[in-house]
Each structure stands twice: as structure tokens, then as C-alpha cells.
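Notes to accompany the following structure.
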Amino acid sequence: MRWLRGLRRQETTPTRLISVAVLTAVALAITFILPPVANSQLAGGAAITIVILGLSWLIGWSGQISLGNSGFMAVGAYAAGIWAHHHATTPLIFTFALATVVGGLSGLVVAIPSTRLRGPYLAGMTLAFSAAITPLAQNFSSVTGGEGGIFFNTLTTPGWFQHLFSGVDATINANAQWTADLAVMTAGVTFFIMANLFHSRTGRAMRLVRDNDVAAELMGVNLSRTRTFAFVVAASFAGLGGALFSLINATVRPETFPLTLSITLLTLMVLGGIGTLSGAVIGGIVYSFSTNLVSHINSLTGVNPASNLGANMQGIIFGVLLILTMLFAPRGIAGLGIKAVNLRHSRAVLASDENVN
Amino acid sequence: MSSFLTSSFMSNIFGGLAQGVIYSLVALSLVIIWQSTHVLNFAQGAMAMFATYVGMTQIDRGLSYWWCVILSVVVGMAFGGITERVLIRPLYGKPEINPIVVMVGFLGVIEAVTTAIWTSTSRNIAAPFSQIYFKAGGKLVLLSPFIIFQIILAVVIMMLVAALFRFTRLGLQLRASALAPEVARLLGVRVNRMLTIGWMLSAGVGSIAAVILASGSFGLFPTNMDGVFVAGFIAAAVGGLDSPVGAIAGGLIIGLTEQFVLAYWSPSVAPLGGMIVLVAVLMIRPHGIFTRSVSRRV
């Protein structure tokens with residue numbers, strides 16, 4: 001597992017690049033094996049991973065609680081959707097860049113009043129933001145398409161990729177897989193950026209601001225600028241993730257970004273592990289296959305999926321998981337993994353000590 | 001006089017006050033919990049909604065409206081007490097994000113369970129008051145017997161809570177354990193019990209808000225308290241999370257603001273009005289209007 005070393009804290013950017021490239025290549029290879037339905041799910045999970053990376057950075061590393069990231073997602077998605085609606089021929093990479101920038105700007109707007117706030121005030125403030133953003137979108141329906149949203153379908157599968165497929169459903173399969181591959185590659189790029197950001201000078205300053213803001217200030221860290229930067233980064237990641245998410249759904253509409261999406265994001269982040277890179281990926285994977293997971297649990301417990309209880313099973317399971325993780329394993333799955341490695345390490349040390357004696 | 005009462009300005013004042021008292025109650029319930037346990041209860045609205053479902057659906061079984069109201073409050077209080085015991089007590093002394101996350105998760109569970117039991121269809125709870133507006137000189141005044149009942153009930157509840165805190169032995173113990181838990185414990189106050197009672201009290205107040213909301217034209221459905229919770233939180237933050245008086249004033253401010261935004265701009269941007277007030281207030285006083293400024297310990 002030498003190539004995974006690049007994800008460790010002390011490693012340099014080139015090693016990190018290799019590690020991320022290998023991981024992305026593995027994920028791309030997997031899309032060739034998965035059926036089209038699973039590929040579509042994977043694409044959604046990759047988009048969510050990008051959002052969780054930003055959220056994990058904001059909550060885990062800068063210590064600022066946000067329940068507004070579904071709002072930032074909506075801003076990015078609408079920016080991309082509205083642009084693509086008027087300029088259909090724009091290359092996708094430019095649309096995504098636009099979503100990232102506009103998402104980041106919305107983060108700046110929210111951050112200016114919010115970085116003065118702590119804990120619950122901040123959580124409530126960001127919650128109010130995400131509650132206000134979708135009604136706002138509905139209000140300007142001439143631009144945003146109101147309840148029905150805008151069609152956002154500028155994704156075209158290139159010819160050479162089409163040719164890899166044959167058979168009856170060649171086009172559908174190719175499209176599903178191209179979407180997944182594109183999403184995975186975008187997630188890979190953002191993962192690499194975030195990995196560097198986590199371990200950069202700013203990232204270290206951010207942790208100091210979180211743990212001891214007075215000490216940080218004495219060291220010459222500008223508190224409000226650092227906190228604002230954290231918000232802007234998280235919001236631009238959310239904006240990009242939201243745009244990608246809407247592209248996968250082929251529409252941008254208010255109901256994609258309900259208040260409960262913020263809860264889902266929080267659950268996935270806590271479940272994966274707050275403030276860890278691997279946790280964001282774990283969260284994304286859990287999201288991808290949560291519908292399968294829920295239907296599996298439904299069939300295990302004999303609940304009729306068409307019944308009222310079956311339809312709400314996902315909400316119940318996610319909520320219970322969030323509560324249990326926070327009560328019993330607050331560092332999430334990634335935290336448990338780290339703990340297991342440390343435990344094995346300390347056992348090995350103990351064993352070698354006994355040999356000496 | 002009658003032309004004054006029927007003017008659109010007064011209609012908006014009445015509408016804003018009617019909505020504002022609901023926000024005030026939610027804000028007050030948040031402040032009670034915040035004062036006693038320093039937890040912002042994100043599931044407050046959902047807990048109250050659940051209690052209202054349990055209580056008010058007994059109307060279908062032939063129970064009278066008033067017994068259902070009392071049942072809702074009792075169920076709400078029990079629910080609040082159990083929640084504090086089971087979910088919040090293990091988290092005292094943990095980072096402040098932990099209880100926030102747990103209560104956000106609880107919110108999701110309650111709404112999903114409620115939808116699973118009662119479906120998401122809105123149902124009407126018939127209050128024993130007419131919802132038809134009064135008329136003055138042939139024109140409508142935006143006041144109905146129900147709205148008057150709603151305002152009076154809210155004011156009575158607020159006065160009861162104030163009286164409890166100010167004039168009773170229990171209120172004194174509650175205030176003591178919120179202000180100085182260690183000293184209160186030394187003086188023989190059962191602080192842990194006070195925390196549970198604080199949560200019960202808060203959940204009871206929240207249930208009243210949910211009952212009023214469900215009895216009006218809004219109806220009862222699993223997410224009906226979401227928007228009200230956000231507005232109630234904004235109200236509490238505007239007034240200052242430490243100040244019950246601030247919570248009530250904040251609720252009225254937000255209710256009136258939303259009503260005027262709704263009337264003069266568009267209903268769908270009403271939540272934005274509350275948020276702008278919040279931003280404006282917090283820019284000037286980060287801990288709300290009515291709170292004493294606190295010095296932060298280094």
C-alpha cells in the first residue's frame with residue numbers, strides 16, 4: 001500500500017498527486033464493471049463527495065458549523081443551469097468554473113455576517129440562509145423556471161467513448177458511464193486540491209483558529225480573514241458539487257435542494273468522519289448506494305417498500321445513524337479506522353517490549 | 001376608526017402579530033433550553049409537531065378540542081424530558097457541535113416517523129373558534145375570533161412562564177441551576193432534575209405553538225413547524241438567546257417584518273425578510289439585542 005502514503009499528512013504534493021491519480025483510476029476502472037444504474041448512482045455520490053469535502057473542511061478544520069451547504073449547492077447549480085440555458089455551446093469546464101466562483105461568492109456574502117458568530121448562532125444563521133434560498137429561486141421564476149426548474153443537459157458523450165460500447169442499449173450505457181467518469185474525475189481533482197489545502201500553511205492556521213483563536217491571533221493569523229476563507233472554499237466546493245449534481249439530474253429545480261439535504265450532508269460527513277479526506281469519500285459512497293442499502297434493510301425487516309413506513313425508511317435510518325455515530329463514535333468510520341491502526345501499532349509496540357524483557 | 005381598522009396597514013399589523021406570537025412562543029422555548037443546558041434544540045419544532053399529532057388526532061376518537069390541547073402539551077413535556085435524559089445528558093461537556101448534530105439527526109427521525117405513521121397529507125384541526133374575519137363598516141378587519149384566541153393564549157402562556165420563573169420556588173431553583181450549577185448543587189438544588197424540568201417546560205411551550213399553528217388555516221403536517229422553527233430561532237437570536245423578554249420581542253419583530261415583506265413584495269421572499277433583520281442585528285450586536293454583552297474568557 002505504498003502508493004496510499006501520499007494521503008498522509010507529511011507527504012509532499014507530487015506523492016499526493018500520484019496517490020489521488022491512482023485512486024481516481026481505480027474508481028474509473030470500477031465504472032467499467034458496474035451496471036448503468038449503479039454508474040448513475042456513483043455519479044451522484046461523486047458530486048456529493050465534493051460537497052462533503054468542503055463541509056468537512058469548514059466544520060472539521062475551521063470549527064464553524066454550517067447547515068447552509070445545500071443553499072450553496074443551489075446557488076452553484078442555478079448559476080450553471082442559467083448560464084447553460086442561454087449559452088448552450090459553452091464548454092462544460094467553463095460552466096463548472098462559473099458555478100464554483102458564484103458558489104464561492106455566495107459563501108462570501110454569508111460569511112461576512114456569519115464569521116462573527118459562534119456555534120449555535122452560526123448554525124441557525126446558515127440554516128436560515130438555506131431555508132431562504134429556494135423560495136428566492138421560486139420567486140424569480142422567469143429566470144429560474146420556478147417550481148419546474150430549468151433543463152440542464154449540456155453533457156454530451158464524446159464519439160470515441162461511444163465507440164467503446166455496442167449492443168442494444170449502447171447509447172444509454174455509454175451516457176451513464178460517461179457521466180459517472182466525468183463526476184469521478186471532477187471529484188478526484190477537488191480531492192487533490194482539498195488534500196493540499198488541508199496540509200497547507202492556511203490549513204494549519206485554520207486548525208489553530210479552531211482550537212485556540214487567541215493563540216492564533218498572537219501568531220499573526222488574521223481570524224476573520226481565515227474564517228471567511230474557510231466559508232468561501234466550502235461554498236465554492238458546494239457550488240461545484242451542486243452544479244454537477246444537477247447536471248446528472250439534467251434539471252436544476254428547487255426540490256433538489258430541500259432543507260433536509262443539509263441534514264443528509266451533515267449525516268454523511270459525520271458518518272464518514274469529521275475533518276477527514278477519506279471520510280468525505282466514505283460519505284459519498286454511502287450516499288451512492290443508500291437506496292440499495294435501504295431497500296436491503298426493508299427486505300431484511302420485511303417492511304413493504306411501497307408502504308408509508310418503507311417510503312420513510314431512509315429518513316429514519318439516516319437520522320438514527322447520525323445520532324448513534326455522534327453518541328458512540330463521534331469521529332466516524334474514518335476515525336474508527338485510524339483507531340484500529342493505532343491500536344494494532346500500540347499492540348505491536350507492547351509485544352516487542354515484552355520480547356525485550 | 002373603522003376605516004383605520006380596515007386599512008391595509010392595520011391588517012398587516014394584525015397578521016404580523018398573530019404570526020409573531022407563534023414565533024415568540026417557539027423562541028421562548030428555545031431560550032428556556034438554551035439557558036438551562038446551553039443546547040440549541042434543532043428538533044424543537046419537530047418535537048412539538050409530533051406531540052401535536054399524538055394529542056390532536058385524538059379528536060378523531062371523539063375527545064374534545066380542549067382535552068386534546070392538554071394531551072398535546074402533556075405528551076410534549078414527557079417527550080422533552082425523555083429527550084434530555086436519553087440524548088442530551090451523555091453530551092454535556094462535549095464540543096458544542098455534538099448536541100447540534102444529534103438534534104439535527106433527531107429532527108430527521110421525528111419527521112420521517114411522523115410521515116410514516118400519519119402520512120404527509122395536511123389535516124385540519126377544527127378549533128372551537130370561527131376563522132371568519134370581523135367586519136367594520138362593511139369592510140374586513142383582518143382579525144377573527146380564532147386570531148384573538150391565538151394571541152390571548154400565547155400571552156397567557158408567556159405570563160405563566162414568567163410567573164413560574166419569578167414567583168415560585170421551582171422557578172428560583174431553575175434560575176439558580178442555569179446561572180451557577182455548582183453553587184446551586186451545594187445549596188441542595190437537584191441540578192440534573194432541573195435540567196430535565198427545563199426541557200419539559202420548553203417542550204410544553206413549543207407544543208402550544210404547534211397546536212395554535214395546526215388549528216389555524218395552516219393545518220397539521222409533518223414539516224409544518226420547519227419554517228416556524230427557523231423564524232423562531234431567528235427571533236431568539238435577534239433578541240439574544242439568553243433573554244426570554246428578547247425572545248418574545250424578537251418573535252413579534254420577525255412576525256411583523258415577514259408580514260410586511262409578504263404584503264409589499266412577495267409571499268415567497270417572506271423568510272428572506274427575517275434573515276435580513278437577523279443579519280442587520282447580528283452585525284451590530286453579535287449576541288442579540290436584549291442580552292448583556294459578555295466578556296469572553298481567554
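Here, each number is a calculation from the coordinates, and none is a lab measurement. The model shown is predicted, which means the values in this text are computed figures rather than measured ones. Here the Cβ positions follow ideal geometry from the backbone for every residue, glycine too, while neighbour counts run over all protein chains shown.
On average over all directions, what projected area in square nanometres does segment A:224-304 have, based on the convex hull of its Cα atoms?
Values: hull surface 28.5 nm².
Across all orientations, segment A:224-304 yields a mean hull projection of 7.1 nm².
When the Debye formula is applied to the Cα atoms of segment A:221-269, each taken as the same point scatterer, what base-10 log of I(q)/I(0) results at q = 0.13, 0.16, 0.20, 0.26 Å⁻¹?
-0.42, -0.59, -0.80, -1.03
Find the all-direction average of the projected area of the Cα convex hull for segment B:20-224, expressing the result in square nanometres with one decimal place. Mind dumping the intermediate values first?
Details: hull surface 51.7 nm².
Its Cα hull, projected and averaged over all orientations, spans 12.9 nm².
Using only the alpha-carbon atoms, what does segment B:165-214 span along each of its principal axes? Please give whole angstrom values in decreasing order.
Between the extreme Cα coordinates on each principal axis of segment B:165-214 lie 44, 21, 13 Å.
Given R₀ = 22 Å, FRET efficiency for A:ASN153-A:MET185 by Cβ-Cβ distance, to 0.05? Spell out each step's value before the answer.
On the way: r = 19 Å, r/R0 = 0.88.
Once the sixth-power term is evaluated, E becomes 0.70.
Could you compute Rg(Cα) / (2.2 N^0.38 Å) for segment B:89-151, with N its residue count?
Working: Rg = 21.0 Å, N = 63, 2.2 N^0.38 = 10.6 Å.
That ratio works out to 1.97.
At 4 °C and a viscosity of 1.567 mPa s, what translational diffusion coefficient does Stokes-Einstein give for segment A:264-316, taking Rh as the Kirkwood radius over Cα pairs? Give it in µm²/s as a whole number.
Values: Rh = 11.8 Å.
Approximately 110 µm²/s, per Stokes-Einstein.
For the charge dipole of the protein assembly as shown, defined by +1 on Lys and Arg C-beta atoms and -1 on Asp and Glu C-beta atoms about the Cα centroid, which residue among B:SER266, B:ALA214, A:ALA329 has the Cα displaced farthest towards the positive pole?
Ranked along the dipole, the leading option is A:ALA329.
P(r) of segment A:34-100 in 5 Å steps, Cα pairs, percent per bin?
The calculated distribution, bin by bin, is 4, 15, 18, 19, 19, 16, 7, 3, 0.
For segment A:27-156, what size does the Cα cloud have along each of its three principal axes, sorted from largest down, in whole Å?
Principal extents (Cα only, largest first): 46, 38, 24 Å.
Hey, what did segment B:20-224 get for relative contact order, percent, Cα under 8 Å, at least 6 apart?
Values: 272 pairs, mean separation 82.6, N = 205.
Here the relative contact order equals 40 percent.
Within chain A, which whole H helices from DSSP have a Cα span along their axis of at least 18 Å and a mean Kyte-Doolittle hydropathy of -0.5 or more, if any? Please report the intermediate quantities before stating the final value.
On the way: long enough: A:13-33 (31 Å, 1.80); A:36-56 (29 Å, 1.35); A:69-86 (26 Å, 0.46); A:92-114 (33 Å, 2.01); A:119-139 (31 Å, 0.72); A:170-198 (41 Å, 0.97); A:223-249 (39 Å, 1.14); A:259-272 (21 Å, 2.15); A:313-328 (22 Å, 2.33); A:332-356 (36 Å, 0.29).
Correct list, ordered by number: A:13-33, A:36-56, A:69-86, A:92-114, A:119-139, A:170-198, A:223-249, A:259-272, A:313-328, A:332-356.
So, with +1 on the Cβ of K and R and -1 on the Cβ of D and E, and no other charges, what is the size of the charge dipole of segment A:2-258 about its Cα centre, to the nearest 20 debye?
On the way: 14 positive and 8 negative charges, 194 e Å.
That gives a dipole near 940 debye.
Between segment B:75-138 and segment A:263-312, what is the C-alpha centre distance in whole Å?
Computed from Cα coordinates, the inter-centre distance equals 23 Å.
Using +1 at the C-beta of Lys and Arg and -1 at the C-beta of Asp and Glu, which of A:VAL168, A:SER288, A:GLY275 has the Cα lying farthest in the positive direction of the dipole of chain A?
The residue sitting most towards the positive pole is A:GLY275.
Under the rule of at least 5 residues apart or a separate chain, name every residue whose amide H is placed under 5 Å from the amide H of B:VAL141.
Amide H neighbours of B:VAL141: B:PHE134, B:LYS135, B:ALA136.
Calculate the mean, over all residues of peptide A:262-273, of how many other protein chain Cβ atoms lie within 10 angstrom of the residue's Cβ. Don't skip to the end; give the middle numbers.
Numbers: counts 1, 7, 1, 0, 6, 4, 0, 1, 6, 0, 0, 0.
Taking all residues of A:262-273 together, the mean is 2.
Taking the Cβ-Cβ separation of A:PHE32 and A:ASN212 as r and a Förster radius of 41 Å, what is the calculated FRET efficiency to the nearest 0.05? Write out the running numbers ahead of the final one.
Details: r = 48 Å, r/R0 = 1.18.
Efficiency, from the Cβ-Cβ distance: 0.25.
Of all the Cα-Cα pairs you can form in segment A:105-242, what percent are over 27 Å apart?
Numbers: 4352 of 9453 pairs.
Of all Cα-Cα pairs in segment A:105-242, 46 percent lie more than 27 Å apart.
Where Rh denotes the Kirkwood radius from the mean inverse Cα pair distance, what is Rg over Rh for segment B:217-298? Write down the numbers at each step before the final one.
Details: Rg = 14.0 Å, Rh = 13.4 Å.
Radius of gyration over Kirkwood radius for segment B:217-298 works out to 1.05.
Which three semi-axes in whole Å describe the equivalent ellipsoid of the protein assembly as shown, each the square root of 5 times a Cα gyration tensor eigenvalue, listed largest first? Mind showing how you got there, number by number?
Details: eigenvalues 370, 195, 121 Å².
Result for the protein assembly as shown: semi-axes of 43, 31, 25 Å.
In what sequence, highest mean first, do B:285-291, A:282-288 appear when ranked by Cβ atoms within 10 angstrom?
Values: B:285-291: 18.0, A:282-288: 24.0.
In decreasing order of mean packing, B:285-291, A:282-288 become A:282-288, B:285-291.
Using R₀ = 45 Å, calculate the FRET efficiency as 1/(1 + (r/R₀)^6) where r is the Cβ-Cβ separation of A:ARG116 and B:ARG169; round to 0.05. All intermediate terms of the calculation are to be shown ahead of the outcome.
Values: r = 40 Å, r/R0 = 0.88.
Given R0 = 45 Å and the Cβ-Cβ separation, E is 0.70.
Report the rotationally averaged projected area of segment A:226-357 based on its alpha-carbon convex hull, in square nanometres.
Directional mean of the projected Cα hull area for segment A:226-357 stands at 12.7 nm².
Scan chain A and report its longest stretch carrying no trypsin sites (Lys or Arg not before Pro) that are both in a DSSP loop and have at most 13 other Cβ atoms within 10 Å. Walk me through the numbers on the way to the answer.
Details: sites that count: A:ARG8, A:ARG9.
Segment A:10-357 is the longest.
Hey, what's the Kirkwood Rh for segment B:22-126 if you take every pair of different alpha carbons, in angstrom? Could the numbers behind the result be given before it?
Numbers: mean 1/r = 0.0678 Å⁻¹.
14.7 Å is the Kirkwood radius here.
What is the list of residues in segment A:36-58 whose amide nitrogen lies under 11 Å from a point 7 angstrom out from the Cα of A:GLN162, following Cα to Cβ?
none
Tabulate in residue order the Karplus-calculated ³J(HN,Hα) for segment B:170-178, using 6.51 cos²θ - 1.76 cosθ + 1.60 with θ = phi - 60°, rounded to whole Hz; enter x for Gly and Pro.
Taking θ as phi minus 60°, the curve returns 4, x, 4, 5, 4, 5, 4, 6, 6 Hz for segment B:170-178.
With label points built 7 Å along Cα→Cβ from the Cα atoms of B:ILE82 and A:LEU108, find their separation and express it in nm.
According to this spin-label approximation, the distance is 5.0 nm.
Mind sorting A:LEU321, B:LEU174 by how few other Cβ atoms lie within 10 Å of their own Cβ, fewest first? Don't skip to the end; give the middle numbers.
On the way: A:LEU321 18, B:LEU174 24.
Fewest-to-most Cβ neighbours within 10 Å comes out as A:LEU321, B:LEU174.
Using label points projected 7 Å from each Cα along Cα→Cβ, tell me how many nm separate B:ALA180 and A:VAL320, to one decimal.
Modelled inter-label distance: 4.6 nm.
For segment A:2-258, what size does the Cα cloud have along each of its three principal axes, sorted from largest down, in whole Å?
66, 53, 26
Name all residues of segment A:89-122 having a backbone nitrogen under 18 Å from the label point set 7 Å from the Cα of A:THR202 along its Cα→Cβ direction, giving them as ranges.
A:97-112, A:115, by backbone N distance to the label point.
Please give, to one decimal in nm, the separation of the simple spin-label points placed at B:PHE129 and A:ALA306, each 7 Å out from Cα toward the Cβ.
4.5 nm
Using Cα pairs under 8 angstrom and six or more residues apart, how large is the relative contact order of chain A, in percent?
Details: 544 pairs, mean separation 106.3, N = 357.
Across chain A, relative contact order equals 30 percent.
Take peptide B:36-42, look around each residue's Cβ out to 10 angstrom, count Cβ atoms belonging to other protein chains, and average those counts.
Across B:36-42, the average partner-chain Cβ count within 10 Å equals 2.
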